[in-house]
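Chemist: So that we are looking at the same thing, I have put the structure below in structure tokens.
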Amino acid sequence: MDRRAIGVFDSGLGGLTAVRELRRRLPQEDIVYFGDTGRVPYGTRSRETIARYALQDTRFLVSHDVKLVVIACGTASSAVSPETMAAFPLPWTGVIRPTAEAAVRASRSGRIGILGTAATIHSGSFQRMLHTLRPEAELTAQAGTLLVPLVEAGWTDDRYPAARMVLETYLRPLRAAGVDTLILGCTHYPLLRPMIAQLMGDAVTLIDSGEATAAHTAGLLTRFGLEGDPTHRGTSRFYVSDTVDRFTEIASAFLGADITGRVEQVDIESY
Ligand code: DGL
């Protein structure tokens, strides 16, 4: 048994899709979340910059004595080097493998779409993993550059026709390719899920990278003997690198729990 918390980070709100699923699956676990709201978006930056940010984010979580690190960000997962992460004395996971595995399981036709940030799509991380798992898969990859700012602004539902128009543009090539499975390869995108589902139609299975990664994390805890006390009621603490107000508001709505007073601002550059 290990009572330490699970550490989760993302460039902003997106990793909450993993947190929500972790809380559902593992209610006994404590979670320390870091959202790099002062430096979001990551997905338009260079690989070197993203890797440096991810390293600082990991150091921050490790300073909170977490037992495992979840990189709940497709962009950071695509940029970190496994060698750098191996230097930390604890297990970690990114989103690429768990999400690709879930997509391969779900796809009947092998025509799989990937929607991710520009950095994720250009890194080829999902494409390589999917082809390793299913060499004959036909992949269609699309960068959704404007989607992270939309989510961070809270423009995630039908009250915002601009969000729908942007999504329509990004989803058109994926629909034209006839994918039967679509990877939401950026953890922010599941916040737009209702609109994406509507535009893609019922025949397309959406794979939520946050959800798939949370499921994988549960397996890692068991594998490494790190499960928490089953009688404990897990709590979550949140840290951000910009003001707490907007994060608190959107995160509370998304998690379905008021997290006022549980969000703190930190100076991530000092890590
Ligand atoms: N949630 C991050 C991801 O999964 C968003 C990256 C960004 O900030 O652009 O890719």
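The values are calculated or read from the model by the stated rules, or taken from the named source; none is laboratory data. Computed from a predicted model, the values in this text were never measured in an experiment. Cβ sites come from the backbone with ideal geometry, for glycine too, and all protein chains shown count toward neighbours. Side chains included, ligands, DNA and RNA excluded: accessible areas come from the protein's heavy atoms. Shrake-Rupley method; radii C 1.70, N 1.55, O 1.52, S 1.80 Å.
Chemist: Write down the accessible area per residue of the stretch 172-271 in Å², having rolled a 1.4 Å probe over the full set of protein chains.
Modeler: Accessible area per residue, the stretch 172-271: 47 Å².
Chemist: Now, a different point. Would you work out which of THR217, ALA177, THR235 lies farthest towards the positive end of the dipole of the stretch 155-271, given +1 charges on the beta-carbon of Lys and Arg and -1 on that of Asp and Glu, about the Cα centre?
Modeler: With unit charges placed on the Cβ atoms, the residue in question is ALA177.
Chemist: Once neighbouring chains are kept in place and the probe is 1.4 Å, which whole percent of the accessible area of the stretch 48-189 is contributed by carbon and sulfur?
Modeler: Accessible surface attributable to carbon and sulfur in the stretch 48-189 totals 56 percent.
Chemist: Order 9-17, 54-62, 253-261 from most to least packed using the mean count of other Cβ atoms within 10 Å.
Modeler: Answer by packing, highest mean first, reads 9-17, 54-62, 253-261.
Chemist: So how tilted is helix 161-176 from the main axis of the chain? Cα-based, degrees 0 to 90, rounded to 10.
Modeler: 60
Chemist: Based solely on its DSSP helices, what 222 nm [θ] is calculated for the chain when runs of n ≥ 4 H residues each add -39,500 (n - 2.57) and the sum is averaged over all residues, nearest 500 deg cm²/dmol?
Modeler: When only DSSP H runs of four or more count, the value is -13000 deg cm²/dmol.
Chemist: Sorted by average packing, counted as other Cβ atoms within 10 angstrom per residue and highest first, what order do 78-87, 93-102 take?
Modeler: 93-102, 78-87
Chemist: Let me have the relative contact order for the stretch 89-163, percent, based on Cα pairs under 8 Å that are six or more residues apart.
Modeler: After rounding, I find 31 percent.
Chemist: Between ASP229 and ALA257, what length comes free when the chain is fully extended (0.36 nm per residue of separation minus the Cα-Cα distance, one decimal in nm)?
Modeler: Contour length minus Cα-Cα distance gives 7.8 nm.
Chemist: Still on this model: Modelled label-to-label distance, ALA118 and ASP180, 7 Å Cα→beta-carbon offset: nm?
Modeler: 3.4
Chemist: Let me ask something else about it. Return one number: the angle in degrees, 0 to 90 and rounded to the nearest 10, between the long axis of the Cα atoms of helix 96-106 and the longest principal axis of the Cα atoms of the chain.
Modeler: In the chain, helix 96-106 runs at an angle near 50 degrees to the longest axis.
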